[in-house]
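The structure under discussion appears below in the form of structure tokens.
Each reported figure results from applying straightforward, stated rules to the coordinates on display, with no laboratory input. None of these values were measured; they are calculated from a predicted model. Because the Cβ atoms are built from the backbone with ideal geometry, glycine has one as well, and the counts that use them run over all protein chains shown.
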Amino acid sequence: MFYKSVKFPKVYTSTFFVIWCFLPVSCVIYPELVEKGVNSPKSERCGDCHRDIYYEWKESPHARSFTSTAFKEETNEYQFTFCLGCHVPETIFTDNKVESRKINVTEGVNCNSCHLNDCKLSGPTSAYGPHPISEKDPFYKTSELCGKCHISTFKVWQESDVAGYKKTCQDCHMPAVQRKLIQDDPWQKIYPKREGKQHVFSYQNLKDKTLLVMSFVKVTHSEGKIEGILEVENIGVPHSVPTGDYGYREVIVTIEMQDKTGCVINSQKKSLFVEMNTALKYKEKMTIPFCFYGNEDVGAVKANMIRTSLYKDTNVLLAETIYKSSW
């Protein structure tokens, strides 16, 4: 990357550790890491030490918030400049509207966007390091952090009962992990493993499949006709599904009639959009009636909910259920 790791002989490692622990919050060896403007370092520089976090971020939606094909298309090649503040932010530490930066724009929401505050690098825990560091900032453990850009979703979260239990955006979109903050010598010798957050920022990593529940009720089969009701309930996602302020956000609920070999005979779909007020709200139960004309070859009725993209080339399964016939 940008510099060679500083290596110390093993005989000096313990001495280094003891001395370092008695230093103030940080001993500045790399002051350039907090530069702004044209001298602002790339996120890759942060990855020299914070390797795990860097590689998670690199594959995340935040890293692609400016370069993604969808963002280019939906902003007419960046002509809608009001979107740039949150897709390539200078810093979220402002009482005013988040402004866009002019340097390293292809990094989207980069490390400095969320961690560089008042010429110091900050985070949710106390730390020692070779660059200017501020004391631990409780702001990082609040949903207000994410609400600087995800404004409407944050407002909905505020109105939910989840907010009262202190379940934050980070709890779902930045899963907890036990590890060292730094993976480079000698700095990693300073820190024991501790609980941190994965920097994935994605609904695709949600492991709890009970947040959105689907079930069939009142399914009947008579006179060559199969009909019933699909119930879809948002039990645990404390905002609408889908959610967001701008851009293309569609969730599709598909109900399929399958034959006994699993092949689809017929299907119907319902699209959920925030703008059309069809999004599934928190703790809301949605009922979708269906009716298919079939025969004795019918083996099952299956339903799924997917988050899709503008051209339907990226689909993420959110929930599914199946009703197997005994006909």
When 157, 57 are ranked with the fewest other C-beta atoms within 10 Å first, the list becomes 157, 57
Given 10 Å bins starting at zero, what is the percent of C-alpha pairs of the chain in each, up to the one with the largest pair distance?
5, 21, 27, 20, 14, 8, 4, 1, 0
Formal net charge of residues neighbouring residue 219 (Cβ-Cβ distance under 11 Å; K, R +1; D, E -1)
+1
Name the residue from 182, 61, 169 whose Cα lies farthest towards the positive end of the charge dipole of segment 10-203, charges +1 on Cβ of Lys and Arg and -1 on Cβ of Asp and Glu.
182
Trypsin sites (Lys or Arg not before Pro), restricted to segment 216-295: which are DSSP loop and have at most 14 other Cβ atoms within 10 Å?
260, 283
15 Å tail of the calculated P(r), segment 107-196, as % of Cα pairs
68 percent
Lys, Arg +1 and Asp, Glu -1 on Cβ, resulting dipole of the chain about Cα centre, debye, nearest 20:
920 debye
Taking Cα centroids, how far is segment 244-302 from segment 23-68 in Å?
42 Å
Using 7 Å Cα-to-Cβ label points, what is the residue 79/residue 260 separation (nm, one decimal)?
5.8 nm
Tally Lys and Arg at +1 and Asp and Glu at -1 over the other residues with C-beta under 11 Å from the C-beta of residue 143: what net charge comes out?
+3
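Tell me the relative contact order for the chain as a rounded percent, counting alpha carbon contacts under 8 Å between residues six or more apart.
14 percent
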Between 278, 81, 142, find the one with the highest GNM mean-square fluctuation for the chain; connect C-alpha pairs within less than 10 Å.
81
Hull-based mean projected area of segment 212-324, where the convex hull spans the alpha carbons, in square nanometres
7.3 nm²
Roughly speaking, what is the stretch gain from residue 188 to residue 223, that is 0.36 nm per residue apart minus the C-alpha to C-alpha distance, in nm to one decimal?
5.5 nm
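Taking R0 as 22 Å, what's the FRET efficiency between residue 59 and residue 96 from their Cβ-Cβ distance, rounded to 0.05?
With a Förster radius of 22 Å, E is 0.10.
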